[in-house]
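Presented below is the structure to which this report refers.
The values are calculated or read from the model by the stated rules, or taken from the named source; none is laboratory data. Remember, it's a predicted structure, so these values are computed and weren't measured experimentally. No Cβ is skipped: glycine too gets one built from the backbone with ideal geometry, and neighbour counts run over all protein chains shown. When the accessible area is computed, the model is the full protein with side chains, heavy atoms only, and any ligands, DNA or RNA have been set aside. Shrake-Rupley method; radii C 1.70, N 1.55, O 1.52, S 1.80 Å.
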Amino acid sequence: HADLAMYQGKAAGRDTLSFYQPGLSEQLRARTQLEDELREALAHRQFELFYQPRLAGWAGRIVGAEALVRWRHPRRGWVLPAEFIPLCEAVGLIRELGRQVFEMAARQQAAWTAAGHRLRLSVNLSPTEFRDEGLLADLQNTLARTGCPPRMLELEITESMLIDGDDRPLRTLQALQALGLSIALDDFGTGYSNLAYLQRFPFSTLKIDRRFVQASPAERPLCEAIVGLCSAMKLRPVAEGVETASQHDWLLGLGVEEFQGYLFARPMPADEFEHLLGGGVALPGEGREISAQS
Ligand code: C2E
Ligand code: MG
Ligand code: MG
Ligand code: MG
């Protein structure tokens, strides 16, 4: 694109070389620097997991959590995944990041299980990890090494990963299931629209994307239909991105069982999450109380 822009600029008789060149090289330099920093960060284990509680029902019992990766950057503080996951994917670092993420999640889940908590912990998989031949062996090794019981671990995948055209996604999901892991379909409704795969693939949970959860009243029938689909297909519906009490009330009325969102809590470090589990801390959201199940 940059070449094309320079070419078009020249053809138009403008001095685009001096206009585009610095921008481009600056961008490249920033990208290369970020890539170097990411390699450093992986080597020095600067990634950590935050946990966002998943709650059930009216009372707001914590029944699980989603693990969300954060980069503890030496100068910039906490960095969000949107800033580094795409580059990790592009430069071949996502597998190593994914291995570290799963290892941290499995260790944490083993510790929580040992402490008597029964939480469903979910971990996100990127498309590259999902396609990787080594994924199953990696997961199996990590489960064995950490002593994490797979039954309460859930892998979150997205619709786009299922459209490879052959039967590999199905075989991968079946193999994951055979390891004892369960599968959640994340961001449901934002991707591929062929619903046939819901029947073909072994999902246990369907996470309704926040764009439906946050829909205006006029757009609500779509979300209602998704919840109906879940009950017909025996999938556990989880609403993500619940920000208001009225969204929560409406979804409860529809039969949604589990909720995540800023109404209850943002993703937080493990020690804060444990504080919630241990203490029955009240969270914001119209006096809704949050408490631990154990
Ligand atoms: P996701 O899996 O759909 O995760 C939900 C995102 O929504 C998280 O952003 C979470 O902080 C945010 N969120 C939760 N509640 C609310 C709410 O009420 N309102 C709004 N506006 N947002 C809410 P986060 O942590 O920045 O992660 C973004 C995406 O990065 C994730 O989307 C997931 O696709 C990816 N990701 C995060 N952690 C990992 C990881 O460990 N591995 C991989 N491969 N991807 C990850
Ligand atoms: Mg997710
Ligand atoms: Mg999601
Ligand atoms: Mg997502």
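Annotations
- Residue within the range 61-77 that is touching a residue at least 12 places away in the same chain (Cβ under 8 Å), in a loop (DSSP other than H, G, I, E, B) and either touching a strand residue (DSSP E or B) at 6+ places or on another chain (Cβ under 6 Å) or open to solvent by 60 Å² or more (accessible area, probe 1.4 Å) (or both) present: yes
- Any hit, the range 87-98, residues being of a type in the set (Val, Ile, Thr) and in contact with a His (Cβ under 9 Å, 6 or more places away or on another chain): no
- Flag if Ala82 is at pLDDT 95 or above, crowded, with 17+ Cβ neighbours inside 10 Å, within 16 Å of ligand 2 (Cβ to nearest atom) and in a helix (DSSP H, G or I): no
- Arg118 charged (D, E, K, R), closer than 27 Å to Gln247 by Cβ, more than 16 Å from ligand 2 (Cβ to nearest atom) and over 18 Å from the mean Cα position of the chain (by Cα): yes
- Single match in Glu103, Glu133, Glu129 (criterion: of a type in the set (D, E, K, R) and within 16 Å of ligand 4 (Cβ to nearest atom)): Glu129
- Residues considered: Gly191, Gly255, Gly165. Of these, the only one that is at pLDDT below 95 and within 16 Å of ligand 2 (Cβ to nearest atom) is Gly191.
- Of everything in the range 252-271 that is touching a strand residue (DSSP E or B) at 6+ places or on another chain (Cβ under 8 Å) and outside any loop (DSSP other than H, G, I, E, B), the residue that is farthest from Gln214 (Cα to Cα) is Ala270.
- Only a single criterion out of (1) farther than 30 Å from Asp167 by Cα; (2) open to solvent by less than 50 Å² (accessible area, probe 1.4 Å); (3) within 15 Å of ligand 1 (Cβ to nearest atom) is not satisfied by Ala56, namely (3).
- The condition of being farther than 21 Å from Gln33 by Cβ, within 15 Å of ligand 1 (Cβ to nearest atom) and open to solvent by 20 Å² or more (accessible area, probe 1.4 Å) holds for Arg95.
- Selection status of Glu37, crowded, with 16+ Cβ neighbours inside 10 Å, over 22 Å from the mean Cα position of the chain (by Cα) and at pLDDT 95 or above: yes
- From the list Leu185, Leu153, Leu119, the one residue that fits, being among the aliphatic types (A, V, I, L, M) and within 12 Å of ligand 1 (Cβ to nearest atom), is Leu185.
- In the set (1) within 27 Å of Ala137 (Cα to Cα); (2) modelled with pLDDT under 95; (3) among the hydrophobic types (A, V, I, L, M, F, W, C); (4) open to solvent by less than 50 Å² (accessible area, probe 1.4 Å), Ala90 fails one condition alone, (4).
- Checked against the criterion of being more than 28 Å from Asp167 (Cα to Cα) and under 21 Å from the mean Cα position of the chain (by Cα), the range 218-226 has at least one qualifying residue.
- The set of residues in the range 98-126 that are assigned to a loop (DSSP other than H, G, I, E, B) and either open to solvent by less than 10 Å² (accessible area, probe 1.4 Å) or under 20 Å from Leu181 (Cα atoms) (or both) comprises Gly116, His117, Arg118, Leu119, Leu125, Ser126.
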